[in-house]
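One structure is given below, encoded as structure tokens.
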Amino acid sequence: MANLLVTGGAGFIGGNFMHYWRARYPADTLVVLDALTYAGNRATIADVPGIELVVGTICDTRRRAAAQPQHRHAGPLRRRKPC
């Protein structure tokens, strides 16, 4: 069982990734951190069970720290531009 924090997980690419990951690894803990700006949309992941959505930007260090799963994680799967 893994713990994933996916930034931008409510956008087009991230949302498709969340659907894929949940179908393939149903026991994993999934947390999405998304600012819900131009591409992010709650509806993209609304039908994926067991996802925690945290609305915020990766530049907000307090929000990002609060969004991280409580257990160890392997590291980022997807990188964005730095803040």
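Scan region 1-51 for chymotrypsin sites (Phe, Trp or Tyr not before Pro) in coil per DSSP, keeping those whose Cβ has at most 10 other Cβ atoms within 10 Å, and list them by number.
Numbers: sites: 12, 17, 20, 21, 38; in loops: 38.
Here the chymotrypsin sites (Phe, Trp or Tyr not before Pro) that fit, given the DSSP loop and packing criteria, are 38.
Calculate the tail of P(r) for region 3-67: the fraction of all Cα-Cα distances greater than 19 Å, expressed in %.
23
Coordinate-derived values only; no laboratory data. No experiment lies behind these values; they were computed from the predicted model shown. Counting neighbours? That spans all protein chains shown, and the Cβs are built from the backbone with ideal geometry, glycine included.
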